[in-house]
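What follows is a single structure, written as structure tokens, with notes after it.
The values are calculated or read from the model by the stated rules, or taken from the named source; none is laboratory data. Since we're looking at a predicted model, the values are computed, not measured. Note that we place each Cβ from the backbone using ideal geometry, even for glycine, and neighbour counts take in every protein chain shown.
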Amino acid sequence: MWGTLPLYFPLLQPAGALEIIAHRIVWSLLFCLVLLLATRQMRGYLAVMRSGRMLAVLSAAAVLVAANWTIYVFAVTSDHVVDAALGYFINPLVTVLLAVLVLKERLRPAQWVALGFGGAAVVVITAGLGTVPWVALGVAFSFGFYGLLKNRAGRTVPAIPGLAVETTVLAPVAVLYLLWLGAQGTSTFVQEGTGHALLLVSSGIVTALPLLCFGAAARLLPLSVVGMLQYLAPIMQLALGVLVFHEEMPVVRWVGFSLVWCALVLLTVDALRSLRVARVARVAQR
């Protein structure tokens, strides 16, 4: 679902990125509230809303995911699909970097080498294109910090209540912005017809479903499997950017992507080796 999003958001034009994000927030919240009632998880949602510490963590996560959505929607509606794909390729490297800087984890040599490849990729693309890949870095770091906060909260907050709390926090700002657009006469919700309005409403489902699937998968599947599956979305987005939207891919961009892919291969191989060693150690202790 995430891999095909570059095909969806251009359909919402002429709505701008901020209007699209506001609709995503409002309709995602309504969709989540329906799911909470259907799955009988409303009590968990209300418990998080009453928990000061957990509400603070998820509020910070809400701000980060809103920033990520805004950067991403801007990217796919302004011919930067390839940059958005690069951001999600860089994201696992950002996660490793945050593990060192925030969680004070000790990295294995292969992980340090992978970070070096990632840094080299950014330098190569910046030097070759004459500009820092801000879109890619914005996507990567906003989702990286979001993942860090969700990791802290996700152990106790299920996927649906968590997303419902995040969109609840964002909803007042989103509603006020949509009302302001309406008062200014610049809202596209009514002016562009029923079909456009229904597409904006559908943004709630389009936003919530992959996030809920991701949240559920992170709780049920081994982390190594989740990590490798996450490479599918940027691969699909890169293919769409090059083959469907015909975005330019000069040699320097291919070199930068190749460096990131080398880093991801190193991370994956190292993670699988670490899991195998841990598994052997557990068997030996029995």
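When the residues of the stretch 130-152 are filtered to those that are in contact with a Leu (Cβ under 6 Å, 6 or more places away or on another chain) and small (Gly, Ala, Ser), which remaining residue is nearest to residue 74 (Cα to Cα)? Here the answer is 136. Of the residues making up the stretch 73-96, those that are in a helix (DSSP H, G or I) and within 15 Å of residue 22 (Cβ to Cβ) are 73, 74.
The condition of being of a type in the set (Gly, Ala, Ser) and at pLDDT 85 or above does not hold for residue 130. A Cβ distance below 9 Å, combined with a sequence gap of six or more or placement on separate chains, defines the contacts here; from the stretch 99-127, residues that are without any contact (Cβ under 8 Å) to a residue 12 or more places away in the chain and outside any helix (DSSP H, G or I) reach no residue that is among the basic types (Lys, Arg) and crowded, with 17+ Cβ neighbours inside 10 Å. When each of 199, 179, 163 is tested for being free of Cβ contacts under 8 Å to residues at least 24 places away in the same chain, closer than 25 Å to residue 32 by Cα and assigned to a helix (DSSP H, G or I), the lone residue that passes is 179. Just so you know, in the stretch 207-253 the residues that are closer than 21 Å to residue 264 by Cα and of a type in the set (S, T, N, Q) include one that is modelled with the lowest pLDDT, and it is 224.
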